[in-house]
Amino acid sequence: MSEFYNSYLVLQQILEDGAYANIALSKQDFENQSKVTVITYGVLENYFLINKILKHLIKKEPDNKVKIILQIGVFSILNLKTPNYVVVNECVNLVKKINQKSAAGFVNAVLKKVCNKEYKVDENDPESLYNIPLWLYKKIKTQYPLHYKDILKKSNDNTLEFRLRHNLEESDIFDKQEVDNFLSWLEDAILKKEVRKLACGYSGKIDDFLKKGFEKGFATAQSHGSILICKLFGNVEGAYILDACAAPGGKSIYLAEHGAKIDALEIHEHRVELIKAYAKRMKVNINTFLEDSTIENTIRNDLYDAVLVDAPCSGLGVLNKRQDIALNIKESDITALSNIQFQLISNCANYVKKDGFLIYSTCTFLREENEGIIERFLKQNANFELCNITPIDCEKDNHLDDFRFLKLLPNINSNEGFFAAKLVKIC
């Protein structure tokens, strides 16, 4: 059964090389893609429970490659309709196929114990129940005692949030007939409930027509949380804005469409190329630079009407949709990230004009990466003040945290988690 081998190949990329599950799967075109997807996500979404079962049955940690095969076997025995003896045989053959013949007897023995349920684990302990490390569970529960269960609940929403290009109907840079056809399709999809209109943008599954709309630049993938962050800038017509951590470029593109002059910085060359390609597809002009935003560039000091620091973060705002994001995360990673985030906001503050704005944002809900950064920054930068954020015109004010921050929590007031703060430079 080649789905076991193909699943092994994908899981190896995810668990050993750190690839994202959706990207690793999208790069493959297996004949049995659907089965491979089930097994891959099955292992990832039951990762901690599977490992607890193996830990109870194994005295010594096996080689990583062998462990992945055991994880596939445990998931398949517990969840698939494939006969247990077939699963065991396939996993044993798979060990041999990857030149680990000496582990064949070991894999056979362990999986037979799983078949016979010769293990004892608490499936309701926090790690197994929520599929995250215990330290992370404790942190989220402490920070959100009333909401942690909802935040950690898995979302089955596999739709994509997207928006139309600004002033699409009025634009003269697109073929009018093609635009009309696309908008007619969208209207029809909404009537058929294939696409849902959101307060900001739309939500639906990708089909060929939507793909074509993306390719033409009529629409683009962007979550409503990302759009809300852009709306914090207000009217940007003619404004000079720096996007300090710009890739893949969604917020830069949005602001450019609305009339801003954008300088977009990125630390990696391949990510600069992503921004350029995105801007070309959406037919907007963006100035791109290969530059580390943690290091001061005095040429940029006091230059911009507004600066966006959309900081690299833990990405836990999509934990409800992408359970692989927390499998190997360590508490020390959060500390390291928060240090980088503070370096970014501290340096980029120099680039803001007097009376200009600094917007700090992340796609996580951990306070160390959000409120903690802002509080620390304000203590050291008396020339900035935190702005109250009034209800944004396309959203209810329940997305605001006492009007100090924009705060979206997954499964509470949004599909995904986001945070943003707006600061003004007073002198």
Inset, instruction - Find all pairs meeting these conditions: Cβ atoms under 6 angstrom apart; at least six residues apart or on different chains; first residue within region 112-125 and on the phi < 0 side of the Ramachandran plot; second residue among the β-branched types (Val, Ile, Thr). - result: Val114/Val74; Val114/Ile77; Cys115/Ile77; Tyr119/Ile53; Val121/Ile53
Inset, instruction - Return a yes/no flag: does region 231-242 have any residue that is more than 30 Å from Val309 (Cα to Cα) and surrounded by fewer than 16 Cβ atoms within 10 Å (Cβ to Cβ). - result: no
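Quick grid of which residues meet (1) closer than 24 Å to Pro410 by Cα; (2) outside any loop (DSSP other than H, G, I, E, B):
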site: Glu169; (1), (2): no, no
site: Ala189; (1), (2): no, yes
site: Leu210; (1), (2): no, yes
site: Cys230; (1), (2): yes, yes
Inset, instruction - Name the one entry in Ala260, Ala277 that is crowded, with 16+ Cβ neighbours inside 10 Å, at pLDDT 95 or above and not basic (Lys, Arg). - result: Ala260
Legend entry - Counted residues, region 87-122 - those being of a type in the set (Ser, Thr, Tyr) and farther than 13 Å from Ile77 by Cβ: 1
Inset, instruction - Tell me, yes or no, whether region 384-401 has at least one residue that is under 30 Å from Val43 (Cα atoms), surrounded by 16 or more Cβ atoms within 10 Å (Cβ to Cβ) and either in contact with a strand residue (DSSP E or B) (Cβ under 7 Å, 6 or more places away or on another chain) or at pLDDT 95 or above (or both). - result: no
Inset, instruction - Quick one: which helices (runs of 4 or more DSSP H) lie wholly within region 20-121 and hold at least 3 residues that are surrounded by 21 or more Cβ atoms within 10 Å (Cβ to Cβ)? - result: 33-45, 47-57, 64-79, 84-97, 104-115
Inset, instruction - Evaluate the following for Cys200: is it outside the structural domain of Cys363 (by TED's automatic domain parsing) and buried (at least 20 other Cβ atoms within 10 Å of the Cβ)? - result: yes
Inset, instruction - Scan region 266-290 and report the pairs whose first residue is free of Cβ contacts under 8 Å to residues at least 24 places away in the same chain and part of a helix (DSSP H, G or I) and whose second residue is of a type outside the set (D, E, K, R) and surrounded by fewer than 16 Cβ atoms within 10 Å (Cβ to Cβ), with Cβ atoms within less than 7 Å and a gap of 6+ or a chain change. - result: Glu269/Leu290
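The values are calculated or read from the model by the stated rules, or taken from the named source; none is laboratory data. Model, not experiment: these values are computed from the prediction. Cβ: placed from backbone, ideal geometry, glycine included. Neighbour counts: every protein chain shown.
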